[in-house]
Amino acid sequence: MLLTTHSLRAFSMLSLFFCITLHAQEDSTETIIERKVYTTKAVQGTAPSIDGDLADRAWEAVPWSTDYTQFQPDIGKPPTQQTKMKITYDDKNLYVAFLCYESDLSKIEKRLGRRDDFPGDWVEINIDSYNDDRTGFSFTASASGVKGDEFISNNGNFDSSWNPIWYLATADHPEGWTAEIRIPLSQLRFSAEDEQVWGIQSTRRYFANEERSTWQELPANPPGWVSEFGELHGIKGIKPQKQLEIQPYALAQYNTYEEEEGNPFRDGDDFSGNVGLDAKIGITNDLTLDLTVNPDFGQVDADPGAIALDGFEIFFQERRPFFVENKSVFDFRVGGGSDNVFFPRRIGRTPQGYTTRDGSKAEFEDFPNNSTILGAAKFSGKTKDGWTIGVLESVTAKEYAEIDLNTREEITQPLADINELGTKRRELVEPLTNYFVGRVQKDFNDRNSFIGGIFTGTHRNMERGLDFLHTQAYSGGVDFRHNWNNRKYYIEGRGIISRVNGNPQALLNTQTSLTHLYQRVDASHLEVDESATSLSGTGGNLAAGRNSGKWRYELGGNWRSPGLELNDIGFLRRADRIVQFANVRRFWNNSTSWYRQANVGFEQTTQFDFEGNYNRIQYQLNGNINWKNNWFTEVGGAHKPRIFINSYLRGGPRWAFAEENFGFLFAGTDQRKKFSAIAGYVYSQAKQDNFSLKRYELRLNWQPLDALSLNLSTQYEINPNKTQYVSQQSYAPVDYGTRYITGEIDQETLSTTLRVNYNINPNFTIQYYAQPFIAKGTYSKFNYVADSDNKDLNKRVAWYTENQISEDQGVFSIDENEDGNADYAFGKPDFNFVQFRSNLVARWEYIPGSELFLVWSQGIEGGASIDESLFDAADSQILGQQIRNTFLVKWTYRFVL
């Protein structure tokens with residue numbers, strides 16, 4: 001169906017509303033805020049000693065700067081407690097001193113946490129040493145001495161993965177508390193100009209009132225962060241410093257697991273060791289080369305439990321430090337959500353191949369968990385001329401699965417001599433692969449605008465048995481953003497193209513994958529080409545709106561053509577989509593007698609495919625309020641009068657769901673308290689009881705000691721559906737020659753996440769993470785698709801009668817024409833999946849940048865009986881089984897040359 005009158009009317013009304021809002025809701029008067037300037041001087045004589053005592057003579061040469069103003073909750077008003085700041089420098093370091101006033105010393109909160117936790121009272125300095133109004137470096141000092149550091153990009157995106165070397169000391173003071181900071185100039189990026197002008201901002205969190213105050217006064221809802229900084233003058237004669245840091249590592253790992261009789265790869269335990277190297281090399285002061293050789297990420301938390309009945313790949317966040325740091329440089333999203341041209345978890349992924357293991361011959365296999373990253377290099381930074389540059393190159397090794405009968409002898413024969421069934425052998429499951437990403441952006445128009453581009457390439461050294469993988473995959477794109485009227489308004493866009501090459505089998509797999517579904521039986525604009533050796537597509541987005549003030553709004557759209565393919569080095573959930581969206585939000589920024597801050601917003605979205613089918617429209621209203629006692633409430637709801645899904649029947653015809661309404665309510669207590677809680681409820685209901693969702697969430701936080709915190713998050717979900725996709729089977733008498741089978745599912749999911757943090761001191765922390773995850777689905781009342789796009793459930797599907805369906809040993813046989821012979825069959829789809837992951841990490845930063853990790857990880861997963869409840873399944877599969885253990889010791893030492 002093409003765009004309807006209903007959707008056109010909705011779109012027109014939204015557009016008219018935005019136009020009215022744009023003109024009628026402008027602030028009638030806007031206060032012009034003067035930009036502050038701090039003028040510093042170089043250290044005369046001995047540099048300050050970083051001990052928290054501000055009595056050093058070096059501080060006497062520079063003045064205090066004060067007059068901080070509130071940013072939250074009462075914008076522009078004087079803070080409850082004032083703050084002072086001093087800055088000085090020498091040829092190697094920048095020094096910053098803070099005096100944070102507190103009239104009642106008992107109110108100073110000295111909570112401990114791991115680096116970047118930002119616990120209790122804190123004060124920070126943000127430095128835009130590029131003076132580009134878009135990027136900066138943030139250094140945060142907690143009253144307890146805990147460090148926080150973040151790289152700021154795109155005028156307000158804070159990235160805590162950045163971990164520079166710097167020095168901090170805090171101390172008590174008769175009038176409050178102090179912080180003293182030394183930042184090596186090698187950790188900053190600046191020009192070679194003889195006299196520097198940098199942007200700076202300082203923010204203080206006053207914990208007792210949950211108040212933020214800033215050195216440079218800010219307007220309500222500013223259009224950005226870095227662009228609103230004050231200025232630092234007076235730095236003269238410093239020279240850009242080139243970084244050269246080398247960090248080798250060594251580790252030992254011991255694994256224990258349940259011994260499997262007869263399996264030579266599962267004898268109960270194994271031991272391994274490894275060494276590698278990370279390096280950070282300053283090519284220029286602006287551009288840095290990061291290298292990693294044979295990296296290891298054993299100290300990283302495991303992914304949370306998840307299960308997806310829709311068949312799509314589950315998106316998990318990148319956690320590995322090398323790929324997380326400076327990730328914003330390479331970010332190139334396609335529309336909303338997780339779709340991205342670059343998804344670093346593709347590098348080192350689980351091998352995609354499979355083996356010829358024959359279970360009937362008692363063959364066992366040792367399949368690698370991940371591809372080995374032989375090395376990776378990342379070249380990134382920003383020049384004084386406004387060029388942001390990022391280049392990433394990585395190579396992953398060939399990976400083999402080892403297959404054996406009953407011995408674990410070392411394989412010494414050539415692969416060609418042992419690739420026969422029933423023999424000890426290795427089989428290739430992932431080829432040698434090279435990954436490349438290049439990214440560039442250029443600021444212009446007095447830094448109010450930028451234009452950029454990205455290019456990615458994946459090259460595989462293909463060998464026999466892996467013809468189902470692409471040989472090459474490329475993508476390229478351009479993006480831009482233009483701000484005007486003091487960055488209040490913007491227009492931005494990006495466009496990408498992709499191309500994959502390979503064997504016809506590889507391209508057939510791509511065309512028929514759930515992402516593309518070229519074989520969809522009712523899609524006249526798609527056709528499978530079984531001889532194709534390449535596939536190309538496009539994607540992009542365009543949006544415009546207002547980015548500051550009491551009213552914010554945006555109107556835009558995005559698209560992904562049917563042939564767009566990014567999943568070799570990026571992430572793409574579904575192609576063949578055109579999305580239009582619009583939203584508006586109103587902010588109340590200053591506190592009243594009953595709330596601190598509040599906002600409410602409205603969103604509207606429509607979706608189409610490239611055939612012109614009008615698939616979805618949604619209207620959503622949501623808001624949140626921070627009450628006077630610092631509790632909060634979030635509430636929202638949506639109406640979806642039209643829901644069509646092209647992928648639901650996995651190559652079958654377009655599927656209609658009954659219209660849906662959903663709502664949510666979350667409420668939380670004051671999160672500063674020693675004990676706090678957040679409770680939430682999400683409810684969704686479709687007409688004719690087609691499907692529903694009830695989700696209950698409870699998050700508890702307890703900090704019995706400044707050094708100890710516990711967090712427990714539990715989520716329970718009930719998600720029944722009368723037409724959950726089950727299978728598709730050939731059946732000649734019906735349309736398309738295929739019967740699409742669905743069933744009624746009663747699905748329950750329970751997950752609990754426990755985090756415990758204990759800090760011996762700011763540099764020695766112990767963290768524990770544990771998550772049991774249980775998902776159970778029981779099917780009944782199987783039915784088949786009769787009229788897939790009929791909005792009436794009773795016409796959309798037809799239920800099998802007792803005479804048509806029978807079960808025997810987990811297989812359902814269907815005698816649809818009731819002639820006494822089975823026409824087709826499918827397996828019993830019930831499941832009761834249990835998973836447990838835990839991680840205990842002791843981390844000691846024994847000198848800045850050098851660390852020792854002690855890690856104990858546990859894990860187990862399995863399928864419980866469908867007759868067991870969620871708690872019984874957890875008992876039998878977690879407590880009743882031998883769990884896997886990994887003990888790891890990792891040592892690193894950072895040489896700063």
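The values are calculated or read from the model by the stated rules, or taken from the named source; none is laboratory data. Since the structure is predicted, the reported quantities are computational estimates derived from the model, not experimental observations. Cβ sites come from the backbone with ideal geometry, for glycine too, and all protein chains shown count toward neighbours. Please note that ligands, DNA and RNA were not included when accessible areas were found on the heavy atoms of the full protein model with its side chains. Shrake-Rupley method; radii C 1.70, N 1.55, O 1.52, S 1.80 Å.
Some notes on this structure:
- Yes/no for ARG672 being in a strand (DSSP E or B), open to solvent by less than 40 Å² (accessible area, probe 1.4 Å) and basic (Lys, Arg): no
- Residue in the range 130-137 that is buried (at least 20 other Cβ atoms within 10 Å of the Cβ), touching a Leu at 6+ places or on another chain (Cβ under 9 Å), touching a residue at least 40 places away in the same chain (Cβ under 8 Å) and closer than 25 Å to GLU845 by Cβ present: yes
- Here ASP522 clears all of (1) in contact with a strand residue (DSSP E or B) (Cβ under 8 Å, 6 or more places away or on another chain); (2) open to solvent by 20 Å² or more (accessible area, probe 1.4 Å) except the condition numbered (1).
- Subset of the range 526-554 (residues that are farther than 30 Å from ASN154 by Cα, open to solvent by 50 Å² or more (accessible area, probe 1.4 Å) and part of a loop (DSSP other than H, G, I, E, B)): GLU527, ASP529, GLU530, SER531, THR533
- The number of residues in the range 439-468 being at pLDDT 95 or above, over 21 Å from ASP132 (Cβ atoms) and open to solvent by less than 50 Å² (accessible area, probe 1.4 Å) comes to 4.
- PHE657 satisfies every condition listed in (1) within 30 Å of ARG577 (Cβ to Cβ); (2) surrounded by 17 or more Cβ atoms within 10 Å (Cβ to Cβ); (3) at pLDDT 95 or above except (3).
- Residue in the range 843-897 that is nearest to GLY810 (Cα to Cα), counting only those that are among the charged types (D, E, K, R) and open to solvent by 30 Å² or more (accessible area, probe 1.4 Å): ASP867
- Options ARG182, ARG115, ARG189; residue that is of a type outside the set (A, V, I, L, M, F, W, C), within 17 Å of LEU94 (Cα to Cα) and surrounded by fewer than 22 Cβ atoms within 10 Å (Cβ to Cβ): ARG182
Here's the yes/no breakdown for (1) β-branched (Val, Ile, Thr); (2) modelled with pLDDT under 95:
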site: GLY680; (1), (2): no, no
site: TYR725; (1), (2): no, no
site: TYR731; (1), (2): no, yes
site: TYR740; (1), (2): no, no
site: VAL756; (1), (2): yes, no
site: ASN761; (1), (2): no, yes
site: LYS791; (1), (2): no, yes
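- The numbered conditions (1) open to solvent by 40 Å² or more (accessible area, probe 1.4 Å); (2) in contact (Cβ under 8 Å) with a residue 40 or more places away in the chain; (3) within 26 Å of ARG546 (Cα to Cα) are all true for ARG650 except (3).
- Applying the criterion of at least 3 residues that are exposed (fewer than 15 other Cβ atoms within 10 Å of the Cβ) to the strands (runs of 3 or more DSSP E) found wholly in the range 215-292 leaves 244-256, 269-282.
- Qualifying residue in the range 358-365 (condition: open to solvent by less than 60 Å² (accessible area, probe 1.4 Å), out of contact with any helix residue (DSSP H, G or I) (no Cβ under 8 Å at 6 or more places or on another chain) and within 30 Å of GLY537 (Cβ to Cβ)): no
Here's the yes/no breakdown for (1) without any contact (Cβ under 8 Å) to a residue 24 or more places away in the chain; (2) among the small types (Gly, Ala, Ser); (3) over 19 Å from LEU232 (Cβ atoms):
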| position | (1), (2), (3) |
| --- | --- |
| GLN44 | yes, no, no |
| ALA61 | no, yes, no |
| SER65 | no, yes, no |
| ASP74 | no, no, yes |
| PRO78 | yes, no, yes |
| GLN81 | no, no, yes |
| LYS86 | no, no, no |
| TYR89 | no, no, no |
| ALA97 | no, yes, no |
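- Flag for ASP149 being open to solvent by 30 Å² or more (accessible area, probe 1.4 Å) and either without any contact (Cβ under 8 Å) to a residue 60 or more places away in the chain or over 30 Å from the mean Cα position of the chain (by Cα) (or both): no
- Identity of the residue in the range 48-59, of a type in the set (A, V, I, L, M) and in contact (Cβ under 8 Å) with a residue 60 or more places away in the chain, that ends up nearest to ARG189 (Cα to Cα): ILE50
- Summed over the range 152-173, residues that are at positive phi and either open to solvent by less than 20 Å² (accessible area, probe 1.4 Å) or in contact with a Ser or Thr (Cβ under 8 Å, 6 or more places away or on another chain) (or both) total 2.
- LEU421 satisfies every condition listed in (1) open to solvent by 70 Å² or more (accessible area, probe 1.4 Å); (2) at pLDDT 85 or above except (2).
- Subset of the range 780-796 (residues that are in contact (Cβ under 8 Å) with a residue 40 or more places away in the chain and open to solvent by 30 Å² or more (accessible area, probe 1.4 Å)): LYS781, TYR784, ASP789, ASN790, LYS791, ASP792, ASN794
- In the range 469-505, the residues that are assigned to a strand (DSSP E or B), open to solvent by 60 Å² or more (accessible area, probe 1.4 Å) and not aliphatic (A, V, I, L, M): TYR474, PHE480, HIS482, TRP484, ARG499
- Residues located in the range 621-658, provided they are of a type in the set (S, T, N, Q) and over 26 Å from LEU508 (Cβ atoms): ASN622, ASN624, ASN626, ASN629, ASN630, THR633
- Note on the range 733-773: residues that are open to solvent by 30 Å² or more (accessible area, probe 1.4 Å), aromatic (Phe, Trp, Tyr) and under 26 Å from the mean Cα position of the chain (by Cα) total 2.
- SER730 vs. criteria in contact with a helix residue (DSSP H, G or I) (Cβ under 7 Å, 6 or more places away or on another chain) and open to solvent by less than 60 Å² (accessible area, probe 1.4 Å): no
- Which listed residue, of ARG650, ARG642, is in a strand (DSSP E or B) and more than 26 Å from the chain's Cα centre (by Cα): ARG642
- Where a residue in the range 526-542 is farther than 16 Å from VAL341 by Cβ and its partner, wherever it lies, is of a type in the set (Lys, Arg), with Cβ under 7 Å and at least six apart: LEU526/ARG520; SER534/ARG499
- Residue in the range 808-816 that is open to solvent by 70 Å² or more (accessible area, probe 1.4 Å), part of a strand (DSSP E or B) and modelled with pLDDT under 95 present: yes
- Some residue of the range 71-87 being at pLDDT 95 or above, among the hydroxyl-bearing types (Ser, Thr, Tyr) and under 38 Å from the mean Cα position of the chain (by Cα): yes
- Residues located in the range 681-731, provided they are of a type in the set (Lys, Arg) and within 26 Å of the chain's Cα centre (by Cα): LYS694, ARG695, ARG699
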